[in-house]
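Below: the structure, in structure tokens.
The values are calculated or read from the model by the stated rules, or taken from the named source; none is laboratory data. Keep in mind that what you see is a predicted model, and the values were worked out from it rather than measured. When we count neighbours, we look across all protein chains shown, and the Cβ atoms used for this are built from the backbone with ideal geometry, even at glycine.
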């Protein structure tokens, strides 16, 4: 994929994430039980990626890849599941705009810290005043969304 196409795909992903939060909220309203709704949501995801893996099973990890994997790497799915659960249970209470605004702002602030300190084996990208100002502006926007 050429670099010029990366940002539009990321924008599309962000837009779909907002729609997904609203969809999951409706799923929970229809199924009533947030755990059942989460299971249904993830069953579809599991089916999709299992089918894709069966069609395209390569590359497969080597024993060296598995031995070098940090213990916490597989937990990323559970972190994503928590986000889906929060969307299922909270998006209808605060609205999609505020829910996604808080989600994106908190994710951005956490990402800046992860980048700055090189946490989770990420390359270091130092926190600069302009990057911090961008996060502050985003947080300010969320405050405006929450108030109005």
Report summary line: Counted residues in the stretch 69-78 being surrounded by 10 or more Cβ atoms within 10 Å (Cβ to Cβ), closer than 20 Å to residue 110 by Cβ and modelled with pLDDT of 90 or more come to 3
Report summary line: Inside the stretch 99-117, the number of residues satisfying the requirement of being in contact (Cβ under 8 Å) with a residue 12 or more places away in the chain and over 16 Å from the mean Cα position of the chain (by Cα) is 2
Query - Residue list for the stretch 115-130, restricted to those being in contact with a helix residue (DSSP H, G or I) (Cβ under 7 Å, 6 or more places away or on another chain) and surrounded by 15 or more Cβ atoms within 10 Å (Cβ to Cβ) - result: none
Query - From the options 66, 36, 31, residue that is surrounded by fewer than 11 Cβ atoms within 10 Å (Cβ to Cβ) and on the phi < 0 side of the Ramachandran plot - result: 66
Query raised in the report: Which numbered condition trips up residue 120, out of (1) without any contact (Cβ under 8 Å) to a residue 60 or more places away in the chain; (2) more than 18 Å from the chain's Cα centre (by Cα); (3) part of a helix (DSSP H, G or I)?
Result: (2)
Report task. Taking residue 98 as the residue in question, decide whether it is under 23 Å from residue 17 (Cβ atoms), at pLDDT 95 or above and part of a helix (DSSP H, G or I). Result -> no
**Report entry** Residues that are part of a helix (DSSP H, G or I) and either on the phi > 0 side of the Ramachandran plot or surrounded by 15 or more Cβ atoms within 10 Å (Cβ to Cβ) (or both), drawn from the stretch 84-95
**Finding:** 84, 85, 86, 87, 88, 89, 90, 91, 92
